[in-house]
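> Right, I'll just put the structure down here and ask away after.
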Amino acid sequence: MDTIAAPRYAEIPLSRITPSKTNPRKTFPEQTLEELAQNIGKFGILQPILLRPAPDAPLDPEPFYEVVAGERRYRASLLAGLATVPATVRDISDMDMLELQIIENLQREDPHPLEEAEGYEALLEQHKADPDYNVDAVAAKVNKSRSYIYARMKLCALRPAARKAFYDGQLNASTALLLARIPVPELQDKALKEITDGGWPNPGQPMPVRQAARHIQQHYMTRLDLAPFDLADETLLPDAGPCTTCPKRTGANPDLFSDVGDADVCTDPVCFTAKKEAFQARARSTAIDRGKTVISGKAAQKIKPSQYESDLKGYVNIEASPWWMESDKKVKNILKGEMPETVLIEDPHSGDLIEAIPEDAARSALKAAGIKISRAASSYNAGQRDQEKKAKAERGYRRALLAEIHRNARTHFAADGKFTIDEMREIAYKMYRDIGADLRPTIAALWAWPGQDLDAVRLLVHQQGVPELALLMLMCIRAPSTYCGPWSNDLKTPDELLQACAQYGVDPEEVKARTQLPTVKPASKKKALAGSTAAEPLPATESEAAA
């Protein structure tokens, strides 16, 4: 800041004073102005207003002045009916005035966070030619941290609807910042509506900050470690460039995303989805060029009707261990060079390509390899098939509940992890190991781990931090509730899953509607009698029931 001339002190007529056009403060609540006016009327102005000669004042024998600092006192003095106010008059340049308004006014008069943000932004713009005048310099001048300045300035990215909600008191500064960090305008508007409308379990009420943070992380951020494509690939979307240097990656601005706790998180799910689709299209095209059969569209939907069921109708995923095969090994590891011709099925829910073989060919090849095959489900009578259909749909719903609990609990554990890291790793691995072969794939699918390869999972578990380990233990506790067999009482309400839904903010009715749990009509008495002449089936093994 340049050297400022010595001040002059005087009583200045209010009629000769005009407010500043550059004052970052734009809103002056009437109630607080009235209270200040009453105090001024009773005690007078205790601290002089800072003025400067108005640079664009009309020619007049009496000078005009512009408010530099103290506009609230100026406005309240007008309300109080004063004729003059005590003032300090200085000759101040435009650039120096802006800095004074930011540094003095904003600290003293508690402006709205959006006005404060615009003030910092204007200050940096005024000094953009000075390489030393940066966020660190501003932070030092106002005695704030650099992360505070970055967070305030990010509020300038709020869309008009969010700004209005902020000024109207529907958002606080923390929630407004969560919205401002969403770079896609349409998604920011959508998130604003969801947060201000509230949701389960308090519909109609704006979400508290922690719930809003969980909601945005779960629905408007994407973990880059789950990306199927190479993060450094700049050819997928040339205009977007690689993810590794993208400014929308949380690691690009750790001061702004310190609460997320991971540098590899994408804040632009639209771009991420576009890259994923480009990667899948490239993989599909490459497969076709190599002569592979690719099944997609309605045909693929019939093969994999539910995103929560891993089974394929009429096909076997070579990366899986089908329930009817009495082995924990993957099909591809058993058959190896004896693998029948495979096809690629385009998952209608994720777009991923699943390499699979027809089920009949898989059964024949596995028998030839010495693998024992369990009794086929086709031997069930009509009533048993209906019951299995109902159980399978219920399993899909319960697995969907587990997936939603898993998603919502992650943020909770990021803040509240316990135990030492070594203890948690050992406990988490043993819980996973001891849960049983039938349930391991359900849990492993949440992390895209190899479900039955315990050695590989042990290595992966020992690479995890506290939040993921706590989350794994929670999933091991809740996963047994996803079991649902057709010959038991397990079709009753999954109380433990519903309890976890309440704890982590999952709406079970919304999940049930999304998984389209069907209502299966019981077999008619005539069909049941007809079916009773068949040999009684063996009780379902856990492997069969989990299919």
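> My understanding is that a pair violates if its Cα-Cα distance is over 32 Å; which of LYS292/LYS390; LYS141/LYS275; LYS302/LYS332 do that in this structure?
With Cα atoms farther than 32 Å apart: LYS292/LYS390; LYS141/LYS275.
> Let me make sure I get this right: for the stretch 11-112, a, b and c are the square roots of the gyration tensor eigenvalues over alpha carbons, sorted descending. Under 1.5 in a/c it's rounded, otherwise prolate if a/b > b/c, else oblate. Which is it?
Oblate shape, in that a/c is at least 1.5 and b/c is the bigger or equal ratio.
> Can you give the accessible area per residue of the chain, in Å², using a 1.4 Å probe? Don't skip to the end; give the middle numbers.
Details: 28640 Å² over 547 residues.
Using a 1.4 Å probe on heavy atoms only, each residue of the chain averages 52 Å².
> Between LYS302 and ASP495, what length comes free when the chain is fully extended (0.36 nm per residue of separation minus the Cα-Cα distance, one decimal in nm)?
Value of the extension gain: 66.3 nm.
> Contact order normalised by length for the chain, with contacts defined as Cα pairs under 8 Å and 6 or more residues apart; what percent is it?
9
> Run through the stretch 258-363 and list the trypsin sites (Lys or Arg not before Pro) located in a DSSP loop whose Cβ has at most 11 other Cβ atoms within 10 Å.
Answer in residue order: ARG290, LYS313.
> Could you tell me the center-to-center distance, by alpha carbons, between the stretch 8-70 and the stretch 128-142 in angstrom?
Going from one Cα centre to the other spans 28 Å.
> Leaving ligands, DNA and RNA out of it, report the carbon-plus-sulfur percent of the accessible area of the chain at a 1.4 Å probe.
C and S fraction of accessible area: 51 percent.
> I would also like to ask the following. Taking the simple approach of a point 7 Å from Cα along Cα-to-Cβ for both ASP455 and LYS193, what is their distance in nm?
5.3
> Relative to the present Cα-Cα distance, how much length would full extension add between LYS367 and ASN134 at 0.36 nm per residue of separation?
Residue separation times 0.36 nm, minus the Cα-Cα distance, leaves 76.8 nm.
> Given the DSSP H assignment, sum -39500 (n - 2.57) over each helix run of at least 4 residues in the chain and divide by its residue total; what's the result at 222 nm in deg cm²/dmol, nearest 500?
-14000 deg cm²/dmol
> Which listed residue (SER174, LEU459, GLY436) has the Cα farthest towards the positive end of the charge dipole for the chain, taking +1 on Lys and Arg C-beta and -1 on Asp and Glu C-beta about the Cα centre?
GLY436
> Then there is this: Return the FRET efficiency for the residue pair ALA252, LEU78: r is the Cβ-Cβ distance, R0 is 51 Å, and the value is rounded to the nearest 0.05.
Efficiency at R0 = 51 Å is approximately 0.60.
> Here is a further query. Sequence gap at least 6, Cα distance under 8 Å: using those rules, report the relative contact order of the stretch 269-375 to the nearest whole percent.
Worked out over the stretch 269-375, it gives 28 percent.
> Something else now. Please compute the contact order of the stretch 168-229 in relative form: average sequence separation of alpha-carbon pairs under 8 Å and at least six residues apart, divided by the residue count, as a percent. Let's see the in-between values first.
Details: 36 pairs, mean separation 17.9, N = 62.
Relative contact order comes out at 29 percent.
> Still on this structure, please answer the following. Given 0.36 nm per residue, what is the gain on full extension from LYS292 to THR244 after removing their alpha carbon distance, in nm?
Going from the current span to full extension adds 14.1 nm.
> Using a/c under 1.5 as the rounded threshold, could you call the stretch 34-79 rounded, prolate or oblate? The axes a ≥ b ≥ c are square roots of the C-alpha gyration tensor eigenvalues, and prolate needs a/b larger than b/c, oblate otherwise.
Because a/c hits 1.5 or more and a/b exceeds b/c, the stretch 34-79 counts as prolate.
The values are calculated or read from the model by the stated rules, or taken from the named source; none is laboratory data. These figures come from a predicted structure and were not determined experimentally. For neighbour counting, all protein chains shown are included, and Cβ atoms are generated from backbone atoms with ideal geometry for every residue, glycine included. Protein only, heavy atoms only, side chains kept; ligands, DNA and RNA dropped before computing areas. Shrake-Rupley method; radii C 1.70, N 1.55, O 1.52, S 1.80 Å.
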